[in-house]
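I have placed the structure first, in the form of structure tokens, so that the comments after it can refer back to it.
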Amino acid sequence: MADSDFQLRCDAALADLNKALLRAAEVHEFEPDFQAGALTIEFEAPPEKFVVSPQSATNQVWVSARVKSYKLDWDAARQSFILAATSQTLKELLADLLGQRIGEAVAL
């Protein structure tokens, strides 16, 4: 995939995810912040941070959360970044990770 294609897809995916996170943050206790092409999700008590960032060298989106790193690849058929191990989309993965952190289901 060309770098420009990756950047466009990544920007759109992260902007869409940010909108969903902002809606969810109205109900749950976390704060999303989308700056400089990366998305962070911060929790106050206990303090923790999730980071979602594009990795143009590998054409992947990386998620750092819960002391793990997840690497998602673009799936043209599903038009989404997908975690190969679970077939989860970026939104599905984040909803799952947030639910684990908060202790209740989070809809994105």
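The values are calculated or read from the model by the stated rules, or taken from the named source; none is laboratory data. These numbers come from a predicted model, not from an experiment. Cβ atoms come from the backbone with ideal geometry, glycine included; neighbour counts cover every protein chain shown.
List of remarks:
Here's the yes/no breakdown for (1) modelled with pLDDT under 95; (2) over 18 Å from residue 92 (Cα atoms); (3) surrounded by fewer than 11 Cβ atoms within 10 Å (Cβ to Cβ); (4) of a type in the set (Gly, Ala, Ser):
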{"residue": "7", "(1), (2), (3), (4)": "yes, yes, no, no"}
{"residue": "40", "(1), (2), (3), (4)": "no, no, no, no"}
{"residue": "47", "(1), (2), (3), (4)": "yes, yes, yes, no"}
{"residue": "57", "(1), (2), (3), (4)": "yes, yes, yes, yes"}
{"residue": "62", "(1), (2), (3), (4)": "no, no, no, no"}
{"residue": "70", "(1), (2), (3), (4)": "no, no, no, no"}
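- Qualifying residue in the range 61-73 (condition: out of contact with any helix residue (DSSP H, G or I) (no Cβ under 6 Å at 6 or more places or on another chain) and touching a residue at least 60 places away in the same chain (Cβ under 8 Å)): no
Table: residues versus (1) within 20 Å of residue 5 (Cα to Cα); (2) assigned to a strand (DSSP E or B).
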{"position": "49", "(1), (2)": "no, yes"}
{"position": "57", "(1), (2)": "yes, no"}
{"position": "62", "(1), (2)": "yes, yes"}
{"position": "86", "(1), (2)": "no, no"}
{"position": "108", "(1), (2)": "no, no"}
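- Single condition residue 53 does not satisfy, out of (1) surrounded by fewer than 13 Cβ atoms within 10 Å (Cβ to Cβ); (2) over 25 Å from residue 105 (Cβ atoms); (3) modelled with pLDDT of 95 or more: (1)
- Some residue of the range 12-20 being part of a helix (DSSP H, G or I), free of Cβ contacts under 8 Å to residues at least 60 places away in the same chain and in contact with a Gly (Cβ under 8 Å, 6 or more places away or on another chain): yes
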